[in-house]
Amino acid sequence: MRSNDWKIQFCDALTNWYRRECRDLPWRRTSNPYWIWISEVMLQQTRVDTVIPYYLRFTERYPKMEDLAYAPEEELMKNWEGLGYYSRVRNLQSGVREAFETYGEVPADPVRFMKLKGVGPYTAGAVMSIAYGIPAPAVDGNVMRVLSRVLLIEDDIVKPKTRKIFEEAVMDLIDREDPSSFNQGLMELGATVCTPTRPKCLLCPVRDWCAAYHEGREEELPVKSKKKKQETVPRTVIAVKNRSGRWLLERRPDEGLLAGMWEFPAAETADPDEAAREIAGRHGLELGPLQETVRFKHVFTHRIWEVAAFAAAADDDGTPAARSGWFLPEEIGSLTLPNPTKKVRDAVIGE
Ligand code: SF4
């Protein structure tokens, strides 16, 4: 059994290493809770390099909570375009609006903060500890990996209830004088040193206290059961152009996958003729011959689209269904397009 002193030594080693070695990232140069909140939402499921330009754009375009709270939805989605997981920005806007209207600021209280729309335990712990120095657990995949190795925790990290075990572990270890460096130190260690494969144990500041390292088991942890395979769905897209050079686009429903974004008409079939019939029927159109333009796969969390895209000409404008319309190429640029639609647009119209 280790005495409790090891926890103090572990904390010191981690926080000192973090203060010395942390990467210089734009959100680490601010203590503005609202800006830190933006960065934490953007960083979920997204790489640091990808987030940086979006973070800079958002904090310049929406420097205060009220700027984001009341920004037009279409504009907000446009500024988020390319980051994916669009429900994040909708929830962020709702949460920021609620915080602004209720408190006039980001509340310095994890319980109140977590009641806001879209704020889960990870975001709450990260923002409260980093912005306000409140000791709160911020447990993400990186943190679970590091702590499963340091403490030899063998619970399956895919199971939602396992998070509690790690949250308790963090609260047992956390540096109460500098919870910000402690939480960020764990995240940084997971991102740069204690990596999923071949962790760089010889460079690790907490190696002396790492049980997995001492038992030579670091690559066995964390325990992670296989996720269910994603469902593969065929998707035939038909980009239809009318005689005046306009293209037909549809707006997706306001809820669910890629909510509210624009796309070329598509059908869930691998048969182009069947797709053409369905789309022509939907918009009252006569379509000319189909020309294949591009094929690709697009991977979502639970689903893979196998996309085959075709171009076709229409003799007249038909009777476009609700939430759809004809657009010139330059007008399409101002719509919010998900990445699969952009790929089709680039193939049929050009970038
Ligand atoms: S010693 Fe190795 S396994 Fe342990 S925390 Fe450090 S990098 Fe991870």
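Here are the numbers for this structure:
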read-out: Residue in the stretch 38-51 that is more than 18 Å from ALA131 (Cα to Cα), of a type in the set (A, V, I, L, M, F, W, C) and free of Cβ contacts under 8 Å to residues at least 60 places away in the same chain present; value: yes
read-out: Helices (runs of 4 or more DSSP H) fully within the stretch 81-167 counting 2 or more residues that are over 22 Å from the mean Cα position of the chain (by Cα) and surrounded by fewer than 23 Cβ atoms within 10 Å (Cβ to Cβ); value: 87-103, 110-114
read-out: Subset of the stretch 194-211 that is in a loop (DSSP other than H, G, I, E, B) and either free of Cβ contacts under 8 Å to residues at least 12 places away in the same chain or over 13 Å from LEU14 (Cα atoms) (or both) - its residue that is nearest to the ligand (Cβ to nearest atom); value: PRO199
read-out: Selected residue (criterion: surrounded by the fewest Cβ atoms within 10 Å (Cβ to Cβ)) from residues of the stretch 295-323 that are over 19 Å from GLU250 (Cα atoms) and hydrophobic (A, V, I, L, M, F, W, C); value: VAL299
read-out: Search result, residues across the stretch 302-351 that are among the β-branched types (Val, Ile, Thr) and not in a helix (DSSP H, G or I); value: ILE304, VAL307, THR319, THR336, ILE349
read-out: THR269 being assigned to a loop (DSSP other than H, G, I, E, B) and either surrounded by 13 or more Cβ atoms within 10 Å (Cβ to Cβ) or within 16 Å of the ligand (Cβ to nearest atom) (or both); value: yes
read-out: Members of the stretch 216-230 that are surrounded by 12 or more Cβ atoms within 10 Å (Cβ to Cβ), assigned to a loop (DSSP other than H, G, I, E, B) and out of contact with any His (no Cβ under 8 Å at 6 or more places or on another chain); value: ARG217, LEU221, PRO222, VAL223, LYS224
read-out: The stretch 168-193, residues that are away from the ligand (no atom under 16 Å from the Cβ), outside any loop (DSSP other than H, G, I, E, B) and in contact with a helix residue (DSSP H, G or I) (Cβ under 9 Å, 6 or more places away or on another chain); value: ASP172, PRO179, SER180, SER181
read-out: Residues (among the charged types (D, E, K, R) and touching a residue at least 12 places away in the same chain (Cβ under 8 Å)) located in the stretch 298-330; value: ARG303, GLU306, ASP315, ASP316, ASP317, ARG323
read-out: Number of the condition not met by HIS214 [criteria: (1) away from the ligand (no atom under 11 Å from the Cβ); (2) modelled with pLDDT of 95 or more]; value: (1)
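The values are calculated or read from the model by the stated rules, or taken from the named source; none is laboratory data. In this text, all values refer to a predicted model and were calculated from it rather than measured experimentally. So basically every Cβ, Gly included, is an ideal-geometry build from the backbone, and we count neighbours across all protein chains shown.
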